[in-house]
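Undergrad: One structure follows; several queries about it will come next.
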Amino acid sequence: MTRILFTLGVLCAFVVQAAAKQPNIVLIISDDQSYTDYAFMGHEAIETPHLDKLASESALFRRGYVRTALCRPALMTLATGLYSHQNRTTGNDPAATPANKAHAEKTGKDARKLLISHIDKTGALPMWLAKAGYVSHQSGKWRKGPYQRGGFTEGMTRGCPSRGGRHGDDGLKIGRTGMKPVFDFIDRSVADEKPFFVWYAPFLPHTPHTPPDRLFKKYLAKGAPERIAKYQAMCEWFDETCGALVKHIDDNGIAENTLVLYVTDNGWIQTEKSGYGPRSKRSPYEGGTRTPIMFRWPGTIPAADRPELCSSIDLVPTILAAADAKGPHDFPGLNLLPQLKSGNAIKRNAIFGESFAHDIADIENPQASLLYRWVIRGHDKLLLTYDGRPGKMKYPPAGGAPQLFNLEKDPNENANLAAKNSGKVKELSALLDKWYPTSQRTMGKVAPAEKKAPRTPKRKPRARKKAAASSPNILLLYADDQRNHTLGCAGHPIVKTPNIDRLAASGVRFENAFVTTSTCWVGRSCLFTGAYERKHLYRASPGPLNPALCETSYFAVLKKAGYRTGHLGKEHVSIAAESAEAMFDVRRKIGRRPYFKKQPDGSERHETQILGDWGIEFLKEQPRDQPFCLQLSFNATHAEDGDKRPGIGHFPWPKVTDGLYEDQQMPLPPLNDPDIYDSQPDFLKQSINRERFFWRWDTPEKYQTNMRAYFRMLTGIDHVVGRLVKQLEQQGLADNTVIIYTADNGYYLGDRGFAGKWTHYDQSLRVPLVVHDPRLPKNKRGRVLPEMALNSDLGSTMINLAGHPSPSAHTGRSLLPLIQGQAIKNWRTDFLCEFIAIPRSIPRWEGVRDTDWVYARYYVEGTDQPPFEFLHDLKNDPDQLTNLALASKNRPVLARLRSRCDELIAQHGPAMKDIKATTRSKKKKR
């Protein structure tokens, strides 16, 4: 036993030691700065004391290069580890060419959005680091949509081009307005003991050159002309932010476990008149492509002034090696980590680069815009020119002859040695052809640049399509954590929901409404997309909610059709900025934690009532000649997980329901027999469902207190429903507004000894669903419908209500025929139910529920092991108390449902074994 314990101790120590070697990674990217413009690179005027210090502590490559001297392609290489001709992002913007127009028409997407979507095909560094356990933060320039699109777990950029301009939006504030978002992220990561990756790419020293006055005056005093003084001051301002970032790392005591890398996106030669000079940005010359590159990792990478060539293409493979992470393929750059650690020479014959037009002639064909290829071998540099479409260029190629320079003797590239060294030109040309063959372009020819057209006044945005006058308004009220039975109209003996009950009495109620995945974010994702989790795979795959499915969401379809759209309240889904713009006219988020929000007058107001205020505000601003689609997503009745005090702590109710249910005895849940809990398999008995049972329901006192509080929250929602209906009536909108009430998932109220949701049982999957359509004839009102309705049905239902066809991307079906009382012969009799996204204490599972049976299989030990199966006979066992999966007499039913489950999965998405596992911090809400 002593030997075993000793061995385990050694093993644990080894694991801890191994984990400790996984470094934090900070990538600093300068924006528009010449390689000469640092004190440590020899500039006589510009002061960069903090970067000088970083250089002295780093493996410094003074002969570093970016592959393409333009920001978007340069950043794309740093994100993907691929050349521009490989990742197809060759310039900053798509040109207005027939090729790009054809791509847009073929896909139905703007060419700019297609350009941004290249990152979806290549993947990116933060995604690959995430698989190795890293958290990540984006700030500054990104130019590949919202930060989530690159796999960052946190970030600042909402997503250009559609919001905030070409360069970015909120991300561009970093550095210029402080460093707090980055520092806060670092502090959280250190506290959580998570390895982190920081992308720090500030809009510095990029224009606008608006340095602090103290720095501007400093460089004016040195005798620099005004424009040059401003640029030089911007370089020092950028240096200060880098110093603050490195100091924050050092002050946190993590310097020896943090790899800091430095590079610029492209060069810049500031002129006295304005802008940049020739042979700098956008050019293949040293002033455009050369940059110092640094690697600082105290105790691991010795500081050294390295004489070798280094390239931005090397950074991704080197970072992945340091993080012990893997990319999806081999990379063209080198993993420099072994040489950086050992100090040995880097064995490489040559480095390569390419230059393309700023405006991309064909976003799917890099050669259409190819202007230059270049190679450096030793100190010899060959530059070849090509006849790609230059578009509008400030400094287009001036001639097509080969250019050969000796950079050691002629660092400014003044003397072209090509004519006298044809043999060397031939040798280096062969290296270029081996690296990147150019079959479509002619070397030595130059295409004419386009003249810049005179500026014209901006056009007004194209008017949105006007919706039909008869189109109904739609109001969707979306509760959190509410099971189907907790409404007065559903027969509950305690809870009071008079306003929702009135909607049901004059509309229809679905008594068999379900969610297909029972958890907050997936319920909402299925609602937004009209699709099974198996199709949208939100949170089971990196990035925001599938942008293509967002385009067919009810919000996007209705907005395009002329509706004014709004989402107020809890989202719990990451939506890309360009998707959000297509979906929402009005978007306001609010969370719990705490439920009571301090108001400007010092009072406190409950989140549910605030949502009511926002909804009324939306209605008051509604144009009379335009229909609306408004969704209010309540945080109630979700528990305040961080406050486990029974009652007002764990289920905080609004003041309007104070005192309700105080003298009433709360009935115990129907399935409260301890034997029911004891019959569960161990993985459910040890799950988060059981863990949270002890938060809420485990003692009689706690049960009574929390049930009263929970019902007060529900009645608080109902109160807001009444306020909204009254507002509709006052504005004369009630007679043409369809109101839908439902919830994101079911909820255990102590049933089976559980709390929460997440499982295959009815308590988890069933939700309320009431649809009030004031246009229904009287004989169609007040009906209770038995048909199966799913949360993914609501998108098509709302689109049909507006008079438009259901998108083919939706897996749900429109409920409108049922609401209208039509006889439907082929309505669904089963559906796919599943839980994919976050397997922690609830294993991933999938199953099928039909009218008579429920089948579910849980992958307790992973998808390579046989699953644990459930089979319930709903006719004879409606409470799902007996698992019949092991009974031999039920093998035919089991086989049929297994097959049906496989069939539904094959129709809508990948098999479970093909969906990579994901993880989530325990601290976050489920």
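The values are calculated or read from the model by the stated rules, or taken from the named source; none is laboratory data. On a predicted model such as this, the values are computed, not experimentally measured, just so you know. Note that each Cβ is placed from the backbone with ideal geometry, even for glycine, and that neighbours are counted across all protein chains shown. Surface accessibility is based on the protein's heavy atoms, side chains included, excluding ligands, DNA and RNA. Shrake-Rupley method; radii C 1.70, N 1.55, O 1.52, S 1.80 Å.
Undergrad: What number of residues within region 345-400 are closer than 28 Å to Cys310 by Cβ and over 38 Å from the mean Cα position of the chain (by Cα)?
TA: The qualifying residues number 15.
Undergrad: Could you tell me whether region 821-828 includes any residue that is in contact with a strand residue (DSSP E or B) (Cβ under 8 Å, 6 or more places away or on another chain), aliphatic (A, V, I, L, M), surrounded by 19 or more Cβ atoms within 10 Å (Cβ to Cβ) and part of a loop (DSSP other than H, G, I, E, B)?
TA: Taking every residue of region 821-828 in turn, none turns out to be in contact with a strand residue (DSSP E or B) (Cβ under 8 Å, 6 or more places away or on another chain), aliphatic (A, V, I, L, M), surrounded by 19 or more Cβ atoms within 10 Å (Cβ to Cβ) and part of a loop (DSSP other than H, G, I, E, B).
Undergrad: Does region 80-113 hold any residues that are of a type in the set (A, V, I, L, M) and in a helix (DSSP H, G or I), and which are they?
TA: Those that are of a type in the set (A, V, I, L, M) and in a helix (DSSP H, G or I): Ala99, Ala102, Ala104, Ala111.
Undergrad: I would also like to ask the following. Counting only residues that are open to solvent by less than 80 Å² (accessible area, probe 1.4 Å) and at pLDDT 95 or above, how many does region 886-901 have?
TA: Result for region 886-901: 7.
Undergrad: Yes or no: Thr759 part of a loop (DSSP other than H, G, I, E, B), among the β-branched types (Val, Ile, Thr) and in contact (Cβ under 8 Å) with a residue 60 or more places away in the chain?
TA: The answer is yes for Thr759.
Undergrad: Still on this structure, please answer the following. Would you be able to tell me the number of residues in region 572-607 that are of a type in the set (Asp, Glu), open to solvent by less than 10 Å² (accessible area, probe 1.4 Å) and in contact with a Ser or Thr (Cβ under 9 Å, 6 or more places away or on another chain)?
TA: 0
Undergrad: Moving to a separate point now. Does Leu428 satisfy the condition of being buried (at least 19 other Cβ atoms within 10 Å of the Cβ), part of a helix (DSSP H, G or I), over 39 Å from the mean Cα position of the chain (by Cα) and among the aliphatic types (A, V, I, L, M)?
TA: In short, yes.
Undergrad: Additional query: Considering only residues that are hydroxyl-bearing (Ser, Thr, Tyr) and either modelled with pLDDT under 95 or farther than 21 Å from Lys620 by Cα (or both), which ones fall in region 467-489?
TA: Across region 467-489, the qualifying residues are Ser470, Ser471, Thr486.
Undergrad: Here is a further query. So, in region 177-206, exactly how many residues are open to solvent by less than 50 Å² (accessible area, probe 1.4 Å) and either part of a loop (DSSP other than H, G, I, E, B) or in contact with a Gly (Cβ under 8 Å, 6 or more places away or on another chain) (or both)?
TA: The number of residues fulfilling the criteria is 11.
Undergrad: Are any residues in region 722-766 over 28 Å from the mean Cα position of the chain (by Cα) and of a type in the set (A, V, I, L, M), and if so, which ones?
TA: Within region 722-766, Leu724, Val725, Leu728, Leu733, Ala734, Val738, Ile739, Ile740, Leu749, Ala755 meet the criteria.
Undergrad: Considering only residues that are buried (at least 24 other Cβ atoms within 10 Å of the Cβ) and outside any helix (DSSP H, G or I), which ones fall in region 549-564?
TA: Ser553, Tyr563
Undergrad: With respect to Thr637, determine if the residue is of a type in the set (S, T, N, Q) and open to solvent by 10 Å² or more (accessible area, probe 1.4 Å).
TA: When the stated conditions are applied, Thr637 does not pass them.
Undergrad: Something else: Which residue pairs have Cβ atoms under 7 Å apart, sit 6 or more places apart or on different chains, and have a first residue in region 717-745 that is touching a residue at least 60 places away in the same chain (Cβ under 8 Å) and of a type in the set (D, E, K, R) and a second that is part of a helix (DSSP H, G or I) and open to solvent by 10 Å² or more (accessible area, probe 1.4 Å)?
TA: Pairs that qualify, where the first residue is touching a residue at least 60 places away in the same chain (Cβ under 8 Å) and of a type in the set (D, E, K, R) and the partner is part of a helix (DSSP H, G or I) and open to solvent by 10 Å² or more (accessible area, probe 1.4 Å), are Asp718/Pro498; Asp718/Asn499; Arg723/Ile616.
Undergrad: Also, I was wondering about something else. Kindly indicate which of Gly253, Gly299, Gly288 is over 34 Å from the mean Cα position of the chain (by Cα) and modelled with pLDDT of 95 or more.
TA: Exactly one residue qualifies, and that residue is Gly299.
Undergrad: For Glu846, are the conditions met, namely being of a type outside the set (A, V, I, L, M, F, W, C), open to solvent by less than 10 Å² (accessible area, probe 1.4 Å) and not in a loop (DSSP other than H, G, I, E, B)?
TA: yes
Undergrad: Shifting gears a bit: When region 474-502 is examined, which residues are found to be more than 19 Å from Met788 (Cα to Cα), open to solvent by 10 Å² or more (accessible area, probe 1.4 Å) and not in a loop (DSSP other than H, G, I, E, B)?
TA: The answer is Gly488, Pro498, Asn499, Asp501, Arg502.
Conditions tested, residue by residue: (1) in contact with a Cys (Cβ under 8 Å, 6 or more places away or on another chain); (2) within 30 Å of Leu371 (Cα to Cα); (3) touching a residue at least 24 places away in the same chain (Cβ under 8 Å); (4) open to solvent by 30 Å² or more (accessible area, probe 1.4 Å).
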residue	(1), (2), (3), (4)
His248	no, no, yes, yes
Ile254	no, no, yes, no
Val263	no, yes, yes, no
Thr271	no, yes, yes, yes
Gly275	no, yes, yes, no
Thr289	no, yes, yes, no
Ile293	yes, yes, yes, no
Thr300	no, no, yes, yes
Arg306	no, no, yes, no
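Undergrad: Quick one: in region 114-147, of everything that is farther than 16 Å from Gln86 by Cβ, part of a loop (DSSP other than H, G, I, E, B) and hydrophobic (A, V, I, L, M, F, W, C), which residue is nearest to the chain's Cα centre (by Cα)?
TA: Trp142
Undergrad: Return the total of residues in region 592-644 being basic (Lys, Arg), closer than 22 Å to Arg524 by Cβ and not in a loop (DSSP other than H, G, I, E, B).
TA: Residues meeting the conditions: 1.
Undergrad: For the structure I just gave you, tell me whether Trp695 is open to solvent by 40 Å² or more (accessible area, probe 1.4 Å), among the aromatic types (Phe, Trp, Tyr) and touching a His at 6+ places or on another chain (Cβ under 8 Å).
TA: The answer is yes for Trp695.
Undergrad: Just checking, how many residues over region 311-332 are touching a Gly at 6+ places or on another chain (Cβ under 8 Å) and either more than 19 Å from Leu125 (Cα to Cα) or among the acidic types (Asp, Glu) (or both)?
TA: The number of residues fulfilling the criteria is 1.
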